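The values are calculated or read from the model by the stated rules, or taken from the named source; none is laboratory data. No experiment lies behind these values; they were computed from the predicted model shown. When we count neighbours, we look across all protein chains shown, and the Cβ atoms used for this are built from the backbone with ideal geometry, even at glycine. Heavy atoms of the whole protein, side chains included, go into the accessibility calculation; ligands, DNA and RNA do not. Shrake-Rupley method; radii C 1.70, N 1.55, O 1.52, S 1.80 Å.
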Amino acid sequence: MTAPLNLRSAEMADANLLLLWRNDLETRKASHNMEEVLIESHFAWLDASLKSPQKRCLWIAEIDGKAVGTCRADKLDNAWELSWTVAPDARGKGVAHQMLSKLVHYFNEPLMAQIKVDNIASIKVAERAGFVLDTQEHGVLFYVYPNASSMAH
Ligand SMILES: CC(C)(COP(=O)(O)OP(=O)(O)OC[C@H]1O[C@@H](n2cnc3c(N)ncnc32)[C@H](O)[C@@H]1OP(=O)(O)O)[C@@H](O)C(=O)NCCC(=O)NCCS
């Protein structure tokens, strides 16, 4: 049985790890912006993100104290948009499912996620966590996760 997964807030000390994961080829393929991110802009982005928790939240997922993935929430007008990446050496073991099924319970507001149509693993993870397909546009699936109060109706 897998050890429990813990989500903690990201910090500047995670910058190099997050950049490594962001520039991993599979992560780039799954992203809107597939360009390699440069270290200077990454540090500036992370610093600004950590200073604006009302607009963006970042977590590091750990199992047995080892960082195995990251999740992000970006504030939109009426929802939070979630995105996630599993460390390349921790993929294929259900880590994304553990991260996401935990994270959705942190929110009372509606959630959404954008997933490219060919990202089968992420589609499965999102649907298993309770996300429902809303629309599709230009090869991107828009998933929504109704918040607890709207689910009660
Ligand atoms: C996509 C990603 C998050 C998946 O995380 P993971 O924890 O490694 O996911 P798993 O390998 O455990 O796969 C999740 C599910 O998809 C299934 N799956 C994986 N690859 C598959 C494929 N090619 N075809 C069909 N099913 C597949 C797994 O069997 C598993 O199904 P299950 O829950 O029924 O057992 C991870 O690979 C990743 O970080 N990729 C790069 C970044 C990325 O794509 N982020 C998401 C952007 S939306």
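From the list 65, 69, exactly one residue is in contact with a Ser or Thr (Cβ under 9 Å, 6 or more places away or on another chain) and within 16 Å of residue 14 (Cβ to Cβ). Which is it?
One residue alone meets the criteria, 69.
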Open item on the list: For residue 57, only one of the following conditions fails: (1) under 14 Å from the mean Cα position of the chain (by Cα); (2) part of a strand (DSSP E or B); (3) within 14 Å of the ligand (Cβ to nearest atom). What is its number?
Closed with: (3)
Open item on the list: As an exercise: evaluate residue 100 against (1) over 25 Å from residue 34 (Cα atoms); (2) open to solvent by less than 20 Å² (accessible area, probe 1.4 Å) and give the number of the one condition it does not meet.
Closed with: (1)
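Residues are listed down the side, and each one gets a yes or a no for (1) free of Cβ contacts under 8 Å to residues at least 60 places away in the same chain; (2) on the phi < 0 side of the Ramachandran plot; (3) away from the ligand (no atom under 11 Å from the Cβ); (4) not aliphatic (A, V, I, L, M):
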{"site": "97", "(1), (2), (3), (4)": "yes, yes, no, yes"}
{"site": "103", "(1), (2), (3), (4)": "no, yes, yes, no"}
{"site": "111", "(1), (2), (3), (4)": "yes, yes, yes, no"}
{"site": "127", "(1), (2), (3), (4)": "yes, yes, no, yes"}
Task: Verdict on residue 140 being surrounded by fewer than 19 Cβ atoms within 10 Å (Cβ to Cβ), in contact with a strand residue (DSSP E or B) (Cβ under 6 Å, 6 or more places away or on another chain), over 21 Å from residue 22 (Cβ atoms) and not aromatic (Phe, Trp, Tyr) - done: no
